[in-house]
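Accompanying notes for the structure given below.
The values are calculated or read from the model by the stated rules, or taken from the named source; none is laboratory data. No experiment lies behind these values; they were computed from the predicted model shown. Because the Cβ atoms are built from the backbone with ideal geometry, glycine has one as well, and the counts that use them run over all protein chains shown. Each accessible area value is taken on the protein alone, full model and side chains, heavy atoms only, with ligands, DNA and RNA left out. Shrake-Rupley method; radii C 1.70, N 1.55, O 1.52, S 1.80 Å.
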Amino acid sequence: MSTAQIETNLNAANKPVVKKQSDFKRQFKKYKWLLLMTVPGIIYLFINCYLPMFGIILAFKKLNYAKGIWGSDWVGLDNFRFLFLSPDAYLITRNTLAYNGVFILINLVLSVGVAILLNEIKNKLLSRFYQSSMLLPHLMSAVVVAYLGYAFLSSDTGLINKKIMPMLGNDPVSWYNEAGYWPYILTLINVWKNVGFQCIIYLAAIIGIDSEYYEAARIDGASKWQMATRITLPLISPIIITMTLLQVSGIMRSDFGLFYQVPMNSGPLFPTTSTIDTFVYRSLTTLGDIGMSSAAGLYQSVVCLVLILAANFVVRKINKNDALF
């Protein structure tokens, strides 16, 4: 080996090694301001969703206020046993699952359908007016919706009993004492509140589809129905699956305002309006049974976890790219 080669090798060996930044650091620097914007949301989730998980231990204790949470006696699974042996366990589980299953199906079909129809409106001003009008109910609080419902359903002054029933030749109905009507009333109100919000999400996905697909289909003589079923639906199927999975993850959770505020907490309606959320609330306010309420909440969360894992597993088997994780 020549002297020049030896010197070259020595110089190369003595050069400081410049370590490349890790991929994580580069990505962090690149998106640091976007990550900073997520901090308020992370704090909110921690305070409202993760910090309260400490209360899970109450499901296995009989709370004694004098002893405190840690000092209260452990009762094992007694709270769960009392919950599942009560006559309300089957009722609240059935109502929660049945209502949410119907809500998911109906809202999905109507939201996608309305989004496709809105996409056909070429007048931007008119399209925005329709979108705003349909979104407005979603922004209303449950209290406002409850009083709007009362204006229609009140036995004495409601619009239906005062105007519509006499026109049809029917007698007035005591809506807040007849449980049989409320599955339809609650479904109608839920659709009215949520279809507008969900259809805007689907509309955004439809707008993102390349217009060349539709132009090619139009040249081939495809009808509007064929373009909707052969182009629109397949291309927005990932967002449909994602939205459905997110709703399945909360299938054991009900809209508290819808099931408590809207029926005005009427006792005769409990067979068709009681869900796990309203049961937990009533257990706390009327019975003061914190242990059983905590057990019901934990049961609710575990079932939700199992259902979302199962639904995601099925989707992952069909198409890995459409799964949430």
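Data overview
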read-out	value
Solvent-accessible area per residue for region 41-179 (1.4 angstrom probe, square angstrom)	67
Restraint check, K30/K124; K124/K193; K61/K317; K25/K320; K122/K317; K61/K193, Cα-Cα greater than 31 Å	K30/K124; K61/K317; K122/K317; K61/K193
Degrees between helix 233-248 axis and first principal axis of the chain (Cα, 0 to 90, nearest 10)	70
³J(HN,Hα), Karplus 6.51/-1.76/1.60, whole Hz, each residue of region 33-39, x for Gly, Pro	6, 5, 5, 4, 5, 7, 4
Between region 266-285 and region 155-191, the Cα center-to-center distance that results, in Å	21
Cβ-derived FRET efficiency at R0 45 Å, N321 paired with E178, nearest 0.05	0.40
Under Karplus coefficients 6.51, -1.76 and 1.60, residue-wise ³J(HN,Hα) of region 117-132 in Hz, glycine/proline x	5, 5, 5, 7, 7, 8, 6, 5, 5, 5, 5, 5, 5, 5, 4, 5
Scattering curve values for the chain, log₁₀ I(q)/I(0), Debye with Cα scatterers, q = 0.15 Å⁻¹	-1.37
³J(HN,Hα) computed for each position of region 258-272 - Karplus, 6.51 cos²θ - 1.76 cosθ + 1.60, integer Hz, glycine/proline x	5, 8, 10, 6, 4, x, 6, 6, 6, x, x, 8, 4, x, 10
For region 236-325: accessible area per residue (Å², 1.4 Å)	46
Area accessible to solvent at M37, 1.4 Å probe radius, in Å²	140
Carbon/sulfur fraction of accessible area - region 224-301, other protein chains in place, 1.4 Å, %	65
Interchain or long-range residues, amide H under 5 Å from K61's placed H	V75
Value of [θ]222 nm, deg cm²/dmol, for the chain, DSSP H segments ≥ 4, -39500 (n - 2.57) each, nearest 500	-19500 deg cm²/dmol
